[in-house]
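All remarks here apply to the structure that follows.
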Amino acid sequence: MSSASAHASLLPHLTRRRLLLAAGAALLAGCGRRQQLAPLRLGSNEWPGYEPLHLARERGYWGDAPLRLYELTSSSEVLRALRNGALDGAALTGDEALSLLADKVEVRVALVLDISHGGDALVARPDIRRLADLKGRRIGVENQALGAYMLTRALAQGGLAPADVSVVPLTVDTHINAYIAGAVDAVVTFEPVLSRLQAMGAHQLFSSRQTPGEIFDLLVVREEAYRQHRATLKTLSQAWFRVLDEFKAAPAEVAAALGRRTQSSGPELLKALDGLVLPDRQENLNLLTGTTPAIAAPLQRLATLMQERQLLSHGVAPLRLLPADLTEVLAP
């Protein structure tokens, strides 16, 4: 066989080999793409205690970590998106996290974002001077556990029961319009809507200052997402604490930056944040880790009160919210 004919006979074999190698490389690349984690999808509604998350994103503090942060119009929408799988995690109140557990949605806590100390309140029209004056009145409240919880706590202090008032279900984005239109006489609401309603003449009858340590906001993720995204959550926690450190060092400057996204002034944000405690890294570790996490008692107290008031479908074990390896996520 001549060298030319030999070369010609080899061509089909070489071509097939190259094709096989190319196909193998494509297959491996495809496997790599399949193994790459999909972004961790987190959601929140507007609330001053969540703004450090958005500022961390704006300043690029979590770099190229596979993470997406979305804002929805209300906590009801956030919960719905988390329940139906459109989100992997969310910024929620403690009672909302307990409600998810009761409904067999396994979520785990990654951070305590804030503890309400006046940031949630019941406000009423000027002619309603006392909680007892709410009897027979219309009270707007978001159709979630926190609104019901705040309302029952406030009414109990005024010697009233939920049956003594007319509850008007309202998402937080409609609180101001409902108040202006005269559709409600009082509203259970929270910042920044709280300050806006007070500026319109509504006055406060009850707030979370009267229930210290009972209302807190948590970053929770579905159990599977927590297992898959521990590294991402660690990056997020570092970004979160970086913003808190900057706020502590220069509160006025950072408050102005926090307020830009929601078109709030720095002083307005500082006033809103005055109603919150923002736990730092060590406080988070104390709250969420160890043999007796500090959050365990208030979570259990909250769960018991919610069950007594039929705000939970059945009893839950609040410590299920706390992953055993959370120290690794929160550590520097």
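We did not get these values from a lab; they are worked out from the coordinates using the rules stated. These numbers come from a predicted model, not from an experiment. Cβ atoms come from the backbone with ideal geometry, glycine included; neighbour counts cover every protein chain shown.
In this structure, the amide hydrogen of ASN45, modeled 1.01 Å from its nitrogen in the peptide plane, lies closer than 5 angstrom to those of LEU72, counting only residues at least 5 positions away or on a different chain.
Compute the angle between helix 3-35 and the longest alpha-carbon principal axis of the chain, please, reported from 0 to 90 degrees and rounded to the nearest 10. Tilt relative to the chain: about 10 degrees.
Within the same chain, lysines fewer than 8 places from LYS104 are excluded, and of the rest, none has a Cα less than 16 Å from its Cα. The label-point distance for GLN36 and GLN198, in a model that sets each label 7 Å from Cα toward Cβ, rounds to 4.8 nm. Within the straight-line cut-off of under 16 Å between alpha carbons, the aspartates and glutamates reachable from LYS135 are ASP127, ASP164, ASP185, sequence neighbours fewer than 8 places apart in one chain being disregarded. Computed from Cα positions, the angle between helix 145-157 and the longest principal axis of the chain comes to roughly 20 degrees.
For the chain, the relative contact order comes to 24 percent (Cα pairs under 8 Å, sequence separation of at least 6).
With θ taken as phi - 60° and the Karplus curve 6.51 cos²θ - 1.76 cosθ + 1.60 applied, the whole-hertz 3J(HN,Hα) list for segment 75-84 is 5, 4, 5, 4, 4, 4, 5, 6, 5, 8 Hz, x standing for glycine and proline. Considering only GLY63, ASN284, LEU219, the residue lying farthest towards the positive end of the dipole of the chain is GLY63, judged by Cα position with unit charges set on Cβ. Tell me the net charge near SER44. Cut-off is 10 Å between Cβ atoms, SER44 excluded, with +1 for each Lys or Arg and -1 for each Asp or Glu. That sum, taken over residues with Cβ under 10 Å, equals -4. Dipole size of the chain about its Cα centre, with +1 on Lys/Arg Cβ and -1 on Asp/Glu Cβ: approximately 1120 debye, rounded to the nearest 20.
Helix-only estimate, please: 222 nm mean residue ellipticity of the chain, summing -39500 (n - 2.57) across DSSP H runs of length 4 or more and dividing by its residues, to the nearest 500. Before the final figure, lay out the partial values.
Details: 14 runs with 156 residues, N = 332.
Mean residue ellipticity, 222 nm, calculated: -14500 deg cm²/dmol.
Quick one: check the C-alpha center-to-center distance for segment 280-304 versus segment 115-147, whole angstrom. Here the answer is 28 Å between Cα centres. Counting only lysines at least 8 places from LYS248 when in the same chain, those with an alpha carbon closer than 16 Å to its own are LYS271. Sequentially through segment 88-104, phi angles give Karplus couplings (6.51, -1.76, 1.60; θ = phi - 60°) of 9, x, 6, 8, 9, 7, x, 5, 5, 5, 5, 5, 4, 4, 4, 9, 6 Hz, Gly and Pro residues having no value and appearing as x.
Under a Cβ-Cβ cut-off of 9 Å, what is the net charge of the residues other than LEU205 that fall near it, where Lys and Arg count +1 and Asp and Glu count -1?
On the way: positive: ARG129, ARG130; negative: ASP133.
Once positives and negatives cancel, what remains is +1.
Relative to the longest principal axis of the Cα atoms of the chain, the long axis of helix 296-308 makes an angle of roughly 60 degrees.
Exposure proxy ranking for PHE190, PHE241, PHE216, based on other Cβ atoms within 10 angstrom of each Cβ and starting from the fewest, stands as PHE241, PHE216, PHE190.
For the pair ALA331 and GLN310, label points projected 7 Å from Cα toward Cβ lie 4.8 nm apart.
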